[in-house]
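The values are calculated or read from the model by the stated rules, or taken from the named source; none is laboratory data. Just so we're clear, the structure is a prediction, and the values are computed from it rather than from any experiment. Counting neighbours? That spans all protein chains shown, and the Cβs are built from the backbone with ideal geometry, glycine included.
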Amino acid sequence: MKKVWKVLSSTALAASLFAVPTMGSANQGPSPQQGENLSIEGFINYEELSKKLEQIQKSSQGKVSVETAGYTNQGRGIYKVSVGHGKKVVLIQSEIHGNEKTGTVALLNILQNLGSSNSPETRKILDELTIVVIPMMNVDGSELSRRANEMNWTEVVAKFPQLSNAKPAWNYYSYPGIWNYDTKPGFDVNRDFNPDLNYVPKAEDFPGASNKYGWYVTPEAQTVRDVYKDLKAQFGNVDVFVDLHHQGFPYVEGTDDRVTMSISGKFVTNPNSPGGQKYAAYADNFHYDFSRQLNLAAYNALQAKGNSVFTNISLYDQNIDLPGTALGSFALNGSGTVLFEVSGQTQTFGQKKKGQLVKTVETGLMGIINGVADESVYQLNPKEYENIPLSVRTPGGL
Ligand SMILES: [Zn+2]
């Protein structure tokens, strides 16, 4: 039965990374409060983020530095926060989807801790790693509590006149509904990436598709691309890239347990496997085993918490091919890559389980950070990644 579920899960479970998440679906359960429009107070808005970062920078006495890396389409600064002075680079971003907010809170907790603690563990991390955090990457989407940024196609054409006769990108939302995309259109920024970091938009590449590359037409994706390029120029490689998301409410395969968080190291077809030939140019840079080891480091850190919701971790859909995602493009560029997808969208979850979910993200991230800093991650057997249970839509599914 396992194979069948794998196939089913690839189409049915592709929630946050893959498509606009469906809400209020059939899978009602005791924990998620679907359909209830709970307050999102308790999550951090942009103003609070700015204040908090300033505070963390100040109290860290030079250990944490905050810069503005670029600006959103609506002119808000996108922060780049650095801590540590090691040779290995760990880049982490949150809220590329503006309604997926737990990651930002988890990142602030980690920055606060790394900036203030003098423990041997922290000193080791700061000596070995340069950690770069881009919290609330899609600030405009975050301020609207929605997935996409705020940018219309006319603005894209004004910046790239060569697109005047092109069809709008497939990931451009301009339909009516609760997100007001008809009056405030926007792009799913997490489809705007391209492994060619110097790509210039060409009309013939539009409207594109989910299994094709993005274009860096949004200033938000351009900003992250520029941070990535600068780090690559400075350090030779961005060793680790982690992207923090939210998903629907799957179950852990073979159990009646709701998934607390799904993880993944697979976003494009492996260039060295059948079907991956289209990525042949990137084959030498593709470090799938390292991505699997990083995922295991996160998984093991959560399992170590023992007998709690923190152990309800599953693999995200393993059959996706999304080269326009930040994770897909950066994996093809040589980064070990990790996706976190906590269960529940901000609007349907509110702050009910916020603390638990934030702690889950924090624990997983610290598993990765510690594993790279003390090099234990390189000792993990990548094949064990395949033993992490899959996500399924029904309880007990095998
Ligand atoms: Zn997402």
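Taken together, the criteria exclude residue 151 from residues that are within 16 Å of the ligand (Cβ to nearest atom) and buried (at least 20 other Cβ atoms within 10 Å of the Cβ). Within segment 84-93, one or more residues are within 13 Å of residue 245 (Cα to Cα) and within 15 Å of the ligand (Cβ to nearest atom).
Residues checked against (1) of a type in the set (A, V, I, L, M); (2) out of contact with any Asp or Glu (no Cβ under 7 Å at 6 or more places or on another chain); (3) modelled with pLDDT under 95:
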{"position": "258", "(1), (2), (3)": "no, yes, yes"}
{"position": "264", "(1), (2), (3)": "no, yes, no"}
{"position": "268", "(1), (2), (3)": "yes, no, no"}
{"position": "271", "(1), (2), (3)": "no, yes, no"}
{"position": "279", "(1), (2), (3)": "no, yes, no"}
{"position": "286", "(1), (2), (3)": "no, yes, no"}
{"position": "298", "(1), (2), (3)": "yes, yes, no"}
{"position": "307", "(1), (2), (3)": "no, yes, yes"}
{"position": "313", "(1), (2), (3)": "yes, yes, no"}
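Does residue 52 satisfy being modelled with pLDDT of 95 or more and in a helix (DSSP H, G or I)? When the stated conditions are applied, residue 52 passes them.
I'm checking my understanding of the structure. Among residues of segment 99-129 that are under 26 Å from residue 290 (Cβ atoms) and among the basic types (Lys, Arg), which one is nearest to the ligand (Cβ to nearest atom)? Out of the qualifying residues, it is 124. Where helices (runs of 4 or more DSSP H) fall entirely within segment 237-356, those with at least 1 residues that are within 15 Å of the ligand (Cβ to nearest atom) and buried (at least 24 other Cβ atoms within 10 Å of the Cβ) are at 326-332, 346-349. Pairing residues of segment 164-191 that are without any contact (Cβ under 8 Å) to a residue 40 or more places away in the chain and under 15 Å from residue 146 (Cα atoms) with residues that are in a strand (DSSP E or B) and more than 16 Å from the ligand (Cβ to nearest atom), at Cβ distances under 7 Å and at least 6 apart in sequence or on separate chains, gives 185/172; 187/172. When the criteria are applied in full, residue 96 meets the requirement of being within 16 Å of the ligand (Cβ to nearest atom), under 20 Å from the mean Cα position of the chain (by Cα), buried (at least 24 other Cβ atoms within 10 Å of the Cβ) and among the hydrophobic types (A, V, I, L, M, F, W, C). Among residues of segment 232-247 that are closer than 16 Å to residue 292 by Cβ, those with a beta-carbon under 7 Å from a residue that is more than 16 Å from the ligand (Cβ to nearest atom) and not aliphatic (A, V, I, L, M) at least six positions away or on a different chain give the pairs 239/88; 239/335; 239/336; 240/335; 240/336; 241/335. Per the listing 167, 184, the residue uniquely modelled with pLDDT of 95 or more, surrounded by 18 or more Cβ atoms within 10 Å (Cβ to Cβ), part of a loop (DSSP other than H, G, I, E, B) and basic (Lys, Arg) is 184. Being within 24 Å of residue 335 (Cα to Cα), away from the ligand (no atom under 16 Å from the Cβ) and either in a loop (DSSP other than H, G, I, E, B) or not acidic (Asp, Glu) (or both) is a description that does not apply to residue 157. Within segment 261-275, residues that are farther than 19 Å from residue 338 by Cβ reach partners that are among the small types (Gly, Ala, Ser) with beta carbons closer than 8 Å, at six or more positions or on different chains, in the pairs 272/283. Restricting segment 115-148 to residues that are part of a loop (DSSP other than H, G, I, E, B) and touching a residue at least 60 places away in the same chain (Cβ under 8 Å) leaves a set whose member that is surrounded by the fewest Cβ atoms within 10 Å (Cβ to Cβ) is 145.
In segment 359-387, what residues are of a type in the set (Val, Ile, Thr) and closer than 16 Å to residue 290 by Cβ?
368, 369, 372, 377
Residue 220 meets all of the listed conditions (1) free of Cβ contacts under 8 Å to residues at least 40 places away in the same chain; (2) within 16 Å of the ligand (Cβ to nearest atom) but one, namely (1). When residue 85 is tested against the conditions (1) out of contact with any Leu (no Cβ under 7 Å at 6 or more places or on another chain); (2) part of a loop (DSSP other than H, G, I, E, B); (3) farther than 17 Å from residue 139 by Cα, the lone failure is (1). Residue 228 meets the conditions (1) surrounded by fewer than 15 Cβ atoms within 10 Å (Cβ to Cβ); (2) of a type outside the set (D, E, K, R); (3) under 24 Å from residue 87 (Cα atoms) in every case but one. The failed one is (1). Of the residues screened, residue 210 is one that is within 29 Å of residue 364 (Cβ to Cβ), within 15 Å of the ligand (Cβ to nearest atom), surrounded by fewer than 22 Cβ atoms within 10 Å (Cβ to Cβ) and within 18 Å of the chain's Cα centre (by Cα).
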